[in-house]
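Undergrad: What follows is a single structure, and I will ask about it in a moment.
The values are calculated or read from the model by the stated rules, or taken from the named source; none is laboratory data. Being a predicted model, the structure only gives us computed values, none of them experimental. Methodologically, a virtual Cβ is constructed for each residue, glycine included, from the backbone with ideal geometry; neighbour enumeration extends over all protein chains shown. The accessibility values were calculated without ligands, DNA or RNA, using every heavy atom of the protein model including side chains. Shrake-Rupley method; radii C 1.70, N 1.55, O 1.52, S 1.80 Å.
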Amino acid sequence: MSENNNTPVRREDFHYFHRLRVRWAEVDMQKIVFNAHYLMYFDTAIADYWRAMALPYEEAMHSLGGDLYVRKATIDFRASARMDDVIDVGMKCARIGNSSIIFQGGLFRQDEFLVGCELVYVFADPATQTSKPVPAALRETLTAFEAGEPMRTVETGDWATLGEGASALRRAVFIEEQNIPKELEWDAHDAVVLHAVARNRLGQVIGTGRLLPAEDGVSHIGRMAVHRTLRSGGHGAAVVQALEDAARARGDREVALNAQRSAERFYARLGYAVHGQPFEEAGIAHIEMRRALR
């Protein structure tokens, strides 16, 4: 969509895209995407847009004291997507008013513009659904994202400084999500080791980890956790990088970690290699992995 309908919508108009493939269940008897599914595509893209801003939607809205409600949704049909097409759904925040936020979307097959969308949201009190001013923190986050600014910061420090946020995330991931007994999660190391936390632009902790002292030049990263809805967003890698930098700065030659087998490929992509045989810890399969520091 654009203010002037004669102005072509281009891929360059968007810096954020969500990719998907058209499924058989989404086409009609003409073998093109049934028109109602385009709204679903844009809604899927807007949900991922929040993840790209490092915002766990429900918790973010709770911290902002409101929620977003769709006031208006319009679709501009130009051409059809077909079964098995790979399509990219561009999404951008076009304008922020006093209580409203307007998003514009563009659906592309390669460089071909197929369908446009405009979504008007109103920020409101969840209890009464009466409109409220868009909070400054949300306004600033949206503006920064569209400007290509970082959505995450990583801080290292001691438990006294970072423990409150780190412990809340570890409790959510390890104790509540993975059912690890709480007596196995907390230990004496927390009080003396280096911790790292990743925060979004609302100050919410979205990733954490810790670095134990080195033994024979080999340090150990542990208690790696990332918010459940924000995984695969680079936040865990950023925490690992910060801890590796700290290990390198103090002269460690190698970093080791006990990876859950489900995360083995993640660490492999970061340059870690399997070291030794698989083992079980807290009822979960693990494997030791190591990476040389250069």
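For every residue, the table says whether it meets (1) under 30 Å from ALA214 (Cα atoms); (2) exposed (fewer than 11 other Cβ atoms within 10 Å of the Cβ); (3) in contact (Cβ under 8 Å) with a residue 40 or more places away in the chain; (4) of a type outside the set (Ser, Thr, Tyr).
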site	(1), (2), (3), (4)
PRO135	no, no, yes, yes
ALA144	no, no, yes, yes
GLY148	no, yes, yes, yes
THR156	yes, no, yes, no
TRP159	yes, no, no, yes
VAL173	yes, no, yes, yes
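Undergrad: Determine whether the range 186-200 contains at least one residue that is out of contact with any strand residue (DSSP E or B) (no Cβ under 7 Å at 6 or more places or on another chain), closer than 23 Å to ALA160 by Cβ and touching a residue at least 40 places away in the same chain (Cβ under 8 Å).
TA: No, every residue in the range 186-200 fails to be out of contact with any strand residue (DSSP E or B) (no Cβ under 7 Å at 6 or more places or on another chain), closer than 23 Å to ALA160 by Cβ and touching a residue at least 40 places away in the same chain (Cβ under 8 Å).
Undergrad: Tell me, yes or no, whether the range 66-80 has at least one residue that is aromatic (Phe, Trp, Tyr) and open to solvent by 40 Å² or more (accessible area, probe 1.4 Å). If you could, list the steps in order and put the result at the bottom.
TA: Applying the first criterion (aromatic (Phe, Trp, Tyr)) to the range 66-80 yields 69, 77.
In the following step, the residues that additionally are open to solvent by 40 Å² or more (accessible area, probe 1.4 Å) were identified as 69, 77.
Yes, the conditions are met somewhere in the range 66-80.
Undergrad: Determine which member of the set ALA60, ALA45 is open to solvent by less than 40 Å² (accessible area, probe 1.4 Å), touching a Gly at 6+ places or on another chain (Cβ under 7 Å) and either farther than 30 Å from LYS31 by Cα or of a type in the set (A, V, I, L, M, F, W, C) (or both). First the steps, then the outcome.
TA: Values: ALA60 fails: touching a Gly at 6+ places or on another chain (Cβ under 7 Å).
None of the others qualify; the one that does is ALA45.
Undergrad: A follow-up question, please. Tell me, please, whether a residue that is open to solvent by 50 Å² or more (accessible area, probe 1.4 Å) and not β-branched (Val, Ile, Thr) can be found in the range 203-213.
TA: First pass over the range 203-213, keeping only residues open to solvent by 50 Å² or more (accessible area, probe 1.4 Å): 213.
Filter once more, keeping what is not β-branched (Val, Ile, Thr): 213.
Looking for residues that are open to solvent by 50 Å² or more (accessible area, probe 1.4 Å) and not β-branched (Val, Ile, Thr), one finds at least one in the range 203-213, hence yes.
Undergrad: Cβ-Cβ below 7 Å, separation at least six or inter-chain, first residue in the range 92-118 and more than 23 Å from ARG139 (Cβ to Cβ) and open to solvent by 10 Å² or more (accessible area, probe 1.4 Å), second part of a loop (DSSP other than H, G, I, E, B) and of a type in the set (Val, Ile, Thr): which pairs?
TA: PHE113/VAL9
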